[in-house]
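Peer 1: The structure under discussion is supplied below as structure tokens; questions concerning it will follow.
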Amino acid sequence: MNIRNATPGDVGAICNIYNYYVEHTAVTFETIPVSESEMKNRMSEVIESGHSFYVGEAGGKIIGYYYTHRWNNRCAYSTTVEESIYLDKDERGKGYGTQLFQHLLGHIDQNEVHVLIAGISIPNEDSVRLHEKFGFTQISCMKEIGRKFDKWRDVGHWQFIFNPLPKKILVLCTGNSCRSQLAEGYLRHFAGDKAEVYSAGVETHGVNPRAVAIMKEDGIDLSGHTSNLVDEYRNIAFDYVITVCNNARERCPYYPAGAVKLHHSFPDPAKAQGTEEEITACFRDVRNMIKEYCKQFVENHL
């Protein structure tokens, strides 16, 4: 597919694509077909405001288009842009939507745009799947916000953030001695600059030297870590709070408002008994369990 800047000569094809959705679907909340003169005015407004309007061609005809526009006229929203993509009804399911989306993301000036917004009439599985394929996440659902074809319609908003601020993650266990220290180390390792990671306890027992040694074996340095009380971080707005033992979940004095709370109880290797080799093997097993959990957490949440 060839993707190029739209011109006034394209409005006929664009109207043919768009007006199908106006007349036959709830994808758009417009109810009256758009004239070519009106579409030409809309295109001019988009382009003159410095935003994008592109068409995709295949087989000698225009089979889709996309454009962006300012999401809200208030000045503080100036770096937030809304996008819309439409395909010819007969060209869906052929990968053209993916190509248009790749082009859209590749032509966004990230010095000017921080957030992309998509408003989607629900249900619309194809559009939701396409947006989430490219990393958009749902941030709202407005119930019964529109009425079309004698039915109340919901609208959801999906968001993509360019260069998002790091997520703040707090890992809790009883004494911030072992398990939470291991998790902090691995979360920092896997998340990189995507997250700021802290660990704490409802008590402080000091960092377990065996935890430091077992992580050094895997190339992660905990030698500079300290054992901290959860109250020290009370003023930080965490995005995630992860408890890694049942005691911490039960005794934690507070959870930050708005934080996603996750729990996974790991065995406490500090309670291991036996020979030095047996104790080390226990620490290694728990370390590997925590490592896999942290890896999956980063893949699924960051």
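Just so you know, all these numbers are worked out from the coordinates, no wet-lab data involved. Just so it is clear, the model here is predicted, and its values are computed rather than measured. Using ideal geometry, Cβ is built from the backbone for each residue, glycine included, and neighbour counts are taken over all protein chains shown.
Peer 1: Which cross-chain or sequence-distant (5 or more) residues have an amide H under 5 Å from the amide H of N228, H modelled 1.01 Å from N in plane?
Peer 2: G201
Peer 1: Let me ask something additional. Just the ratio, please: alpha-carbon radius of gyration of region 1-92 over 2.2 N^0.38 Å, N its number of residues.
Peer 2: Compared with the compact-globule rule of thumb, region 1-92 sits at 1.10.
Peer 1: Per residue of region 117-126, in order, report the coupling 6.51 cos²θ - 1.76 cosθ + 1.60 (Karplus, θ = phi - 60°) as ³J(HN,Hα) in whole Hz, putting x for Gly and Pro.
Peer 2: Working through the residues one at a time gives 10, 10, x, 10, 5, 9, x, 7, 4, 5 Hz.
Peer 1: Please grab the % of Cα pairs in region 2-161 that end up more than 22 Å from each other.
Peer 2: 42
Peer 1: What does the extension gain come out to for A58 and H263, with contour length at 0.36 nm per residue minus their alpha carbon separation?
Peer 2: Result: 68.8 nm gained on full extension.
Peer 1: What FRET efficiency do you get for E30 and H69 if R0 is 22 Å and r is their Cβ-Cβ distance, rounded to the nearest 0.05? Please list the in-between numbers first.
Peer 2: On the way: r = 15 Å, r/R0 = 0.69.
So the FRET efficiency works out to roughly 0.90.
Peer 1: Per residue of region 204-211, what does 6.51 cos²θ - 1.76 cosθ + 1.60 with θ = phi - 60° give for ³J(HN,Hα)? Whole Hz please, x for Gly and Pro, Karplus curve as stated.
Peer 2: 10, 10, x, 6, 5, x, 5, 5
Peer 1: Pick out, in residue order, every one of the chymotrypsin sites (Phe, Trp or Tyr not before Pro) in region 204-283 that is DSSP loop and has at most 12 other C-beta atoms within 10 Å; say none if there are none.
Peer 2: Numbers: sites: Y233, F238, Y240, Y254, F283; in loops: F238, Y254.
Here the chymotrypsin sites (Phe, Trp or Tyr not before Pro) that fit, given the DSSP loop and packing criteria, are Y254.
Peer 1: Spelling out what I want: for every residue of region 8-19, take phi, set θ = phi - 60°, compute 6.51 cos²θ - 1.76 cosθ + 1.60 (Karplus), and round to whole Hz; glycine and proline get x.
Peer 2: Each residue's phi maps through the Karplus curve to give x, x, 8, 5, x, 5, 5, 4, 4, 5, 5, 5 Hz.
Peer 1: What residue among F266, I120, I14 has its Cα farthest toward the positive end of the dipole of the chain, where the charges are +1 on Lys, Arg and -1 on Asp, Glu, each on the Cβ?
Peer 2: Highest projection toward the positive end goes to F266.
Peer 1: Using the Kirkwood formula on the Cα atoms of region 167-301, what hydrodynamic radius do you get, in angstrom to one decimal?
Peer 2: Evaluated over region 167-301, this radius sits at 14.7 Å.
Peer 1: I've got another one for you. Where in region 109-123 is the amide nitrogen less than 16 Å from a point lying 7 Å along the Cα-to-Cβ axis of Y21?
Peer 2: 117-123
Peer 1: Please report the spacing between the Cα centers of region 4-70 and region 111-138 in Å, no decimals.
Peer 2: Distance between centres, Cα-based: 19 Å.
Peer 1: A further question on this structure: If you project the alpha carbons of region 58-146 onto the principal axes, what extent comes out on each, in Å, largest first?
Peer 2: The principal-axis extents, from largest down, are 43, 34, 21 Å.
Peer 1: When you count, for each residue, the other Cβ atoms within 10 Å and take the mean per peptide, how do 163-173, 64-74 rank with the highest first?
Peer 2: 163-173, 64-74
Peer 1: Also, I was wondering about something else. Can you list residues whose amide H is under 5 Å from I3's amide H, if they're 5+ apart or on another chain and H is modeled 1.01 Å from N?
Peer 2: Here E57 satisfy the definition.
Peer 1: Near the amide H of K167, under 5 Å away, which other amide H atoms are found, from residues 5 or more places off or on another chain, if H is placed in the peptide plane?
Peer 2: Answer set, sorted by chain and number: A195, E196.
Peer 1: Just flag the chymotrypsin sites (Phe, Trp or Tyr not before Pro) in region 1-55 sitting in loop per DSSP whose Cβ has no more than 10 other Cβ atoms within 10 Å. Display every interim value, and only then the final one.
Peer 2: Working: sites: Y18, Y20, Y21, F29, F53, Y54; in loops: F29.
The qualifying sites: there are none.
Peer 1: Plugging the Kirkwood radius over Cα pairs into Stokes-Einstein for the chain, at a temperature of 10 °C and a viscosity of 1.306 mPa s, what D comes out in µm²/s?
Peer 2: 70
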